[in-house]
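Below is one structure, written out as structure tokens; comments come after it.
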Amino acid sequence: MTSSGTTFTPGTDGGARESVSAAWELLLPAASAPARGRGRALQSALREAVRSGRLAPGTRLPSSRALAVDLGVSRGLVTEAYEQLTAESYLRSGHGAGTWVSGSVRAAKGGARDLAPRAPGTRIDFRPGTPDLSLFPRSAWAATHRSVLGRLPHSALGYPDPRGLPELRDALAALLTRRRGVVADPERLLVCSGVAQASTLLGFVLHGRGLTTVGVEDPGSPEHAALFSSAGLATARLPLDDEGLSVGPLVRSGVRAVVTTPAHQFPTGIAYSAARRSRLLDWARETDGLIVEDDYDGDFRYDRAPVGALQGLDPEHVAYTGSVSKSLAPGLRLGWLLAPASMTDEIVDRKRTMDMGNPAVDQAVLADFIVRGGYDRQLRRCQRAYRERRDVLTKALAEHFPGTEVSGIAAGLHVIARLPERYGPEAEFIHRATEAGIALRLLSDCGDARSTDGYVGLVIGYAHLPPADISRGVRLLAACWEGGR
């Protein structure tokens, strides 16, 4: 019974009577909604009651007249709701047979989950790859957004050129030419959702040309294998030496494309030597191969000017990729790809069918931010902050883990720390760190098996942590080790 005495008849389940009364409570707020939205509110509440299972399949609903009296609304409002939900298959009805909850609806399972890469319960997260998001220039970005949106023509809100807005491609071409020494023709520059999408686009095109395998650095980014696998390509891990990617194993592998991080190799932190860069270009020319240059952390060098991009030496054999993920924020999902002219049209076609282009407003904002100098100011701000944090980390490691060899400190957002053998084995070290709430990444996770040979190899990210947290994290790490000895 409802408050006015209307009886709801369940199908064959006598227990459904209670669920009907409970479900009808969901309709009461709709009856008090503003007059203009009351019909939509009633339909939405009734639809949710069926979808959630509060009104079970086979339940007979009261007549439109009875429910209208019960809710204190017009009969026409209820009749319209019944007709709409019958058309959508939430309800079923027959002439003279009443209105029933149909059996077509299946309740959705669960709610929205957050699958962002986080480590719940972690006190200090030393894993690399994340900038300090608190440094994002919120005020300047918001002001630019308001300014751009106010003057953006209506036509700019349509489907964009899949390569990106012309003004952003012009701005990026000028920026990359000036800062990274690339050969940047705006007509060949593609705006994409970060280096991940750039790699995937290249993978699809290479696969379409008959390639089956792409070479990747060892050690290197663990993500490359998954990205190229999604495009149907396998990956061949190729070793490094002190100068960069070893050319001998590259030649013997037979691959025709290889991913490199020559300006600041991930994770070792080395910059490829001039001789190695030249030798790699010779390989590409001799085999008509492709070098995919991931300009990882290319803008963040602390001891001297950043090493120029490899692409500037041979734009027809090097595909250049980069993004604002480290300089601004990964959540913006904005990056770029400069590919050889022979590949550009195929890449643009694939980009068009993949997502029809990146959001136009975000592109316009970034273009204006670059042209007006905001991006350069942001880079200078980040460089100062990250240099200070690097120094805090190296000092803390020297104090609390004497004998540790630290490398890769000249650039980037992480260091390689090789702790002496007495801190091993690695599995025990990581176990104690995890128990203490400290998240770490082993060098061996990036593919370098040598990290277990006589020392504990760690890839320690520091850019995203305030100096005080860096010091505290190293102290906690040392304490959990000493406490377990």
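Within the bounds of the stretch 305-312, is there any residue that is within 30 Å of S139 (Cβ to Cβ) and buried (at least 17 other Cβ atoms within 10 Å of the Cβ)? Yes; the residues of the stretch 305-312 include at least one that is within 30 Å of S139 (Cβ to Cβ) and buried (at least 17 other Cβ atoms within 10 Å of the Cβ). Kindly indicate which of P420, P425 is out of contact with any Asp or Glu (no Cβ under 9 Å at 6 or more places or on another chain), modelled with pLDDT under 95 and at negative phi. Checking each option against the conditions leaves just P425. Could we say that A119 is under 30 Å from H264 (Cβ atoms), under 27 Å from the mean Cα position of the chain (by Cα), open to solvent by less than 60 Å² (accessible area, probe 1.4 Å) and at pLDDT below 90 here? The answer is yes for A119. None of R377, R389 is among the basic types (K, R), modelled with pLDDT of 95 or more and open to solvent by less than 70 Å² (accessible area, probe 1.4 Å) except R389. Can you name the residue in the stretch 103-132 that is in contact with a helix residue (DSSP H, G or I) (Cβ under 8 Å, 6 or more places away or on another chain) and outside any strand (DSSP E or B) and, of all such residues, is farthest from R472 (Cα to Cα)? My answer is V105. Screening L190 on (1) surrounded by fewer than 22 Cβ atoms within 10 Å (Cβ to Cβ); (2) under 24 Å from the mean Cα position of the chain (by Cα) shows it passes everything except condition (1). Could you list all residues from the stretch 324-367 that are open to solvent by 20 Å² or more (accessible area, probe 1.4 Å), part of a helix (DSSP H, G or I) and not aliphatic (A, V, I, L, M)? Passing the criteria: P330, G331, S342, D345, E346, D349, R350, R352, T353, D355, D362.
Whether any residue in the stretch 283-290 is over 20 Å from A196 (Cα atoms), open to solvent by 30 Å² or more (accessible area, probe 1.4 Å), in contact with a Gly (Cβ under 7 Å, 6 or more places away or on another chain) and not in a loop (DSSP other than H, G, I, E, B) is what I want to check. Looking through the stretch 283-290, none of the residues is over 20 Å from A196 (Cα atoms), open to solvent by 30 Å² or more (accessible area, probe 1.4 Å), in contact with a Gly (Cβ under 7 Å, 6 or more places away or on another chain) and not in a loop (DSSP other than H, G, I, E, B).
Would a scan of the stretch 163-178 turn up a residue that is of a type in the set (V, I, T) and either buried (at least 18 other Cβ atoms within 10 Å of the Cβ) or within 23 Å of the chain's Cα centre (by Cα) (or both)? Checked against the condition, which is being of a type in the set (V, I, T) and either buried (at least 18 other Cβ atoms within 10 Å of the Cβ) or within 23 Å of the chain's Cα centre (by Cα) (or both), the stretch 163-178 yields no hits at all.
Within the stretch 374-416, being in contact with a His (Cβ under 8 Å, 6 or more places away or on another chain) and on the phi > 0 side of the Ramachandran plot holds for G408, G412. Surrounded by fewer than 24 Cβ atoms within 10 Å (Cβ to Cβ) and within 12 Å of L201 (Cβ to Cβ), is that true of I370? Against the criterion (surrounded by fewer than 24 Cβ atoms within 10 Å (Cβ to Cβ) and within 12 Å of L201 (Cβ to Cβ)), I370 does not qualify. Residue pairs whose Cβ atoms lie under 6 Å apart, separated by 6 or more positions or on different chains, with the first residue in the stretch 252-267 and closer than 28 Å to D299 by Cα and the second among the hydroxyl-bearing types (S, T, Y), are T261/Y296; P262/Y272; H264/Y296; F266/S221; F266/Y296. The condition (being assigned to a helix (DSSP H, G or I) and of a type in the set (G, A, S)) is satisfied by just one residue among A271, A275: A275.
The values are calculated or read from the model by the stated rules, or taken from the named source; none is laboratory data. Because the structure is predicted, anything quoted here is derived from the model rather than measured. Note that each Cβ is placed from the backbone with ideal geometry, even for glycine, and that neighbours are counted across all protein chains shown. What goes into the accessible areas is simple: the full protein's heavy atoms, side chains included, and nothing from ligands, DNA or RNA. Shrake-Rupley method; radii C 1.70, N 1.55, O 1.52, S 1.80 Å.
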